[in-house]
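Submitted below is the structure of interest, expressed as structure tokens.
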Amino acid sequence: MTGLDLDRIQGFVVRGYRLPLAGFIFLRIDDASRAAAWISQVTNDVLTAAPWSQKPASGVNIAFSYAGLAALQLPSATLASFPEEFRLGMAARASLLGDDGESAPENWEAPLGTQDVHVLVMISAADRQALNAHDRRIRDGIQRVGGLAVVADQIGNALPNNVEHFGYTDGFAQPEIEGAGLPSQPGDGAPLRDGKWRPIRAGEFILGYPDEENVEPEAPTPDALSANGSFLVYRKLHQDVARFRAQLTAAAELYPAGEELLAAKIVGRWRDGTPLDLSPEQPDPAIVADDHRNNAFSYASDGDGLRCPVGAHVRRANPRDSLPFEGKLVNRHRLIRRGIPYGEPLPDGAEDDKQDRGVIFLCLQASIARQFEFVQGQWLNRGNAFTLGEDQDVLVGPQDGPGPHKMTIPGNPPFFLGPLQRAVTVRGGEYLFVPGINGLEFLAAAAAS
Amino acid sequence: MSNANNVFGQAYSLTVLTPIIDGHETELAEYLDGLPSGDESPLAGVHGTHFARWVVIDDVIYQGPDQGPREHLQHPRLLFTSNFDGELEPYLEALRTGLGASADTIWGHCVGYPGRDEPAFSRYLRHHQIDSSLFFAAYGDRTVEDVKRSLAVRAQLIDFALRAQGLAAPDLKAAFLQEFAA
């Protein structure tokens, strides 16, 4: 097994902290050498993936946009060695991602999607007090050193019972990373023929380690900068809860098995998280509570999607063994998800209060083009890979292009959910590089000189 | 050229590899990059095209373990591939008339392009044609018109299914006949 240099990998790459609060601070670099001094100081504060004996009350992680690396005045050869999609940024990739209409970059919250977003500081915390204390420490540090300006911030807050705003318990499936030394849960890794699972090679997520092709992934140069690094997608997704509920309730009037099963068919899990594949008739709290069962399923015996529809959100986003070659190609398109909701929940049955709520979608990978952009652009926004025609993902598909937009729920007779309207709107996003500790040291040294 | 290597069902796969005039590859690639897609594409005017593309090949790329001396192209090439309905000769004529001035702009960057006069144009493409050997046409036994008609029926049926869902059987039958029996 490949050993990971856990002391030099930022902690949230390897493990979800499962802390209920997050503070995101976006910075602009106005002076490269002062920014270098700040990076050098904050590096000591960065939470790494080293095993902990006691979970910290708060931790901080740092990421840089391409504009940020350019503002640090790295050599042009180094800048040019970053992948094209990262250099262009999320806003430039709007058509590929389906970010049109309300989700188009011209409607994003400033300064997301502009050249003013250089650094993202992410604070995770157990409670408000810990978050505020760490937030103050970070801002004081920035103030003291100078050369950096806070251009935006964002709070994330987990909702009770780990639900997201549409009411689904979230966060079950995560790729198991080889060498991470974390407990193994069936269903997290790569499917094997005998129904077992193996961990995904670390190079799918962390630069400098072999990936599923058994080579080190393409990485920026030099290695001192890229090794132990990863690429991060930050995407603020507004959820129109009232619209989602109204669509669901209206459709359920025609769906004989009722609204809760319809809600489960859209996602592939019941709202409590029970996988439809394991319990297609009703939710089963015993499965949800058991980490060895709540993600332990494949679609091998459900090719037609009679239990879990082929177009269900979790099946599109991670088709497991249901694509050709026993899912081997799927292993090249996995995402580590670190998202957290923002905003207050809309109470059941409440009128639309027009409040801003949704999820800060975060994912980590070795290649944004091959992983996030492929999953969003090909699997969620298009139906081709699954022979679903023009169907888009019900939750995060833009529902644009030629309509009517619908989802087919296989059965006898099948049920057609639609016409669908966009219920999730992109409010802004960034592509970021998450250096390893060595990478942070490299940046501090390079920008200081 | 043997048809066995270039035909699948009723679809024909044309592969043409023409040498680019030295120094012209960047200008050609930029022109191709700027071509519009969909109905605005010059290929939209070439009847019977399932799928077609131009690619500037400036070198042969090898990825994998080192296997000794590497081969390189002496001159860049323009690859044109197209899957289309029916026979080669009528399609070459469709290219000549359908692409119009775009044909001149594109192949004008290639060595020996004679312009769109016949028979020089089709002779030029045939001269540089190579066997496709292996190709994939999703609906090789259906023409572009067949596919478009089928997609239109599919869209109509989806639209109907959404509208008619929940109707009682007699009403469903009546609605179906009204929509599709014409």
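Just so it is clear, none of the values below were taken in a lab; they were calculated from the coordinates. Small disclaimer: the values here were computed from a predicted structure and weren't measured. We place every Cβ from the backbone using ideal geometry, glycine too, and count neighbours over all the protein chains shown.
In whole Å, what is the distance between the alpha-carbon centres of segment A:80-119 and segment B:151-182?
42
Choose one answer from A:GLU212, A:GLU253, A:GLU344: the residue with the largest mean-square fluctuation in a GNM of chain A with alpha-carbon springs under 10 Å.
Most flexible of the set in this elastic network: A:GLU253.
Please report the orientation-averaged projected area of segment B:1-81, defined via the convex hull of its C-alpha atoms, in nm². Kindly include the intermediate steps, with their values, before the conclusion.
Details: hull surface 32.4 nm².
Projected area, direction-averaged: 8.1 nm².
I'd like the chymotrypsin sites (Phe, Trp or Tyr not before Pro) in segment B:79-182 restricted to DSSP loop residues with at most 13 other Cβ atoms within 10 Å, sorted by number. Could you put the intermediate results ahead of the total?
Values: sites: B:PHE80, B:PHE84, B:TYR91, B:TRP107, B:PHE121, B:TYR124, B:PHE135, B:PHE136, B:TYR139, B:PHE160, B:PHE176, B:PHE180; in loops: B:PHE135, B:PHE136, B:TYR139.
Those that pass, being in a loop and sparsely packed, are B:PHE136.
Given +1 on the Cβ of Lys and Arg, -1 on the Cβ of Asp and Glu, and no further charges, what dipole in debye does the protein assembly as shown carry about its Cα centre, rounded to the nearest 20?
Values: 54 positive and 82 negative charges, 229 e Å.
For the protein assembly as shown, the charge dipole is close to 1100 debye.
While we're on this one: I'd like the distance between the alpha-carbon centres of segment A:228-303 and segment B:74-109, rounded to an integer number of Å.
49
Further, regarding this structure: With an 8 Å Cα cut-off and a minimum separation of 6 or more residues, compute the relative contact order for segment A:78-216 in percent. Mind showing how you got there, number by number?
On the way: 95 pairs, mean separation 12.9, N = 139.
Relative contact order, segment A:78-216: 9 percent.
Convex hull over the alpha-carbon atoms of segment B:85-176: what's its volume per residue in Å³?
Numbers: hull volume 15.2 nm³, N = 92.
Cα convex hull per residue, to the nearest whole number: 165 Å³.
Follow-up question, since we're still on this one. Please tell me the relative contact order of segment B:3-130 in percent, rounded to the nearest whole number, where contacts are Cα pairs under 8 Å and at least six residues apart.
On the way: 178 pairs, mean separation 48.5, N = 128.
It rounds to 38 percent for segment B:3-130.
At 0.36 nm per residue, and after removing the present C-alpha to C-alpha distance, how many nm does the segment from A:ILE155 to A:ALA300 gain when stretched out fully? Walk me through the numbers before you get to the answer.
Working: separation 145, 0.36 × 145 = 52.20 nm, distance 4.02 nm.
Extending this stretch completely gives an extra 48.2 nm.
With every atom except the alpha carbons ignored, what do you get for Rg and Dmax of segment A:185-246, in angstroms?
Every Cα atom of segment A:185-246 included, Rg and Dmax give 17.8, 52 Å.
On to the next question. Out of every Cα pair in segment A:97-146, what percent are spaced more than 15 Å from each other? If you can, show how the numbers build up before the last one.
Details: 790 of 1225 pairs.
Here the tail beyond 15 Å accounts for 64 percent of pairs.
Which of B:PRO69, B:PRO36, B:PRO19 ends up with the largest GNM mean-square fluctuation for chain B, with Cα atoms connected below 10 Å?
Comparing B:PRO69, B:PRO36, B:PRO19 in a Gaussian network model of chain B, the most mobile one is B:PRO69.
Which residue, chosen from A:GLN376, A:GLN399, A:ASN438, occupies the Cα position most advanced towards the positive end of the dipole of segment A:365-449, where the dipole is computed from +1 (Lys, Arg) and -1 (Asp, Glu) charges on Cβ about the Cα centre?
Most positive-ward Cα: A:GLN399.
A further question on this structure: Would you calculate the separation in nanometres between label points at A:ALA92 and B:ARG70, each defined as 7 Å from the Cα along the Cα-to-beta-carbon direction?
In this crude label model, A:ALA92 to B:ARG70 measures out at 2.6 nm.
Residue by residue, what Karplus-based ³J(HN,Hα) values in Hz, rounded to whole numbers, does segment B:23-36 have, using 6.51, -1.76 and 1.60 with θ = phi - 60° and x for Gly and Pro?
With the stated coefficients, segment B:23-36 comes to x, 8, 5, 5, 4, 5, 4, 5, 4, 5, 4, x, 5, x Hz.
Just name one of A:ASN318, A:HIS292, A:GLY349: the one whose Cα is farthest towards the positive end of the charge dipole of segment A:282-362 (beta-carbon charges, Lys/Arg +1, Asp/Glu -1).
Sorting the options by dipole projection puts first A:ASN318.
With the Cα gyration tensor of segment A:240-330 in hand, convert its eigenvalues to equivalent ellipsoid semi-axes via √(5λ) and list them largest first in whole Å. Each step should come with its number before you reach the end.
Working: eigenvalues 111, 51, 28 Å².
Taking √(5λ) for each eigenvalue gives 24, 16, 12 Å, largest first.
Going down the list A:LYS236/A:LYS265; A:LYS55/A:LYS265; A:LYS328/A:LYS406; A:LYS354/A:LYS406; A:LYS406/B:LYS173; A:LYS236/B:LYS148, which pairs span over 27 Å between their C-alpha atoms?
Working: A:LYS236/A:LYS265 25 Å; A:LYS55/A:LYS265 36 Å; A:LYS328/A:LYS406 29 Å; A:LYS354/A:LYS406 25 Å; A:LYS406/B:LYS173 22 Å; A:LYS236/B:LYS148 38 Å.
Exceeds cut-off: A:LYS55/A:LYS265; A:LYS328/A:LYS406; A:LYS236/B:LYS148.
Can you give me the Cα centroid spacing of segment A:144-168 and segment A:355-384 in angstrom?
Answer, in whole Å: 19.
Further, regarding this structure: How big is the convex hull of the Cα atoms of chain A, per residue, in Å³?
Working: hull volume 61.1 nm³, N = 449.
Roughly 136 Å³ of hull volume per residue.
If you don't mind, another one. Choose one of A:PRO20, A:PHE82, A:SER449: the residue whose Cα lies farthest towards the positive end of the charge dipole of chain A (beta-carbon charges +1 Lys, Arg; -1 Asp, Glu; about the Cα centre).
Going by the charge dipole, the pick is A:SER449.
Here's a follow-up. Per residue and in cubic angstrom, what volume does the convex hull of the Cα atoms of segment B:18-171 have? Can you show the working numbers first?
Values: hull volume 29.9 nm³, N = 154.
Output value, Cα hull per residue: 194 Å³.
Looking at chain A as a GNM with Cα springs under 10 Å, which of A:SER298, A:SER76, A:SER95 has the largest mean-square fluctuation?
Among A:SER298, A:SER76, A:SER95, the largest mean-square fluctuation in the Gaussian network model of chain A belongs to A:SER76.
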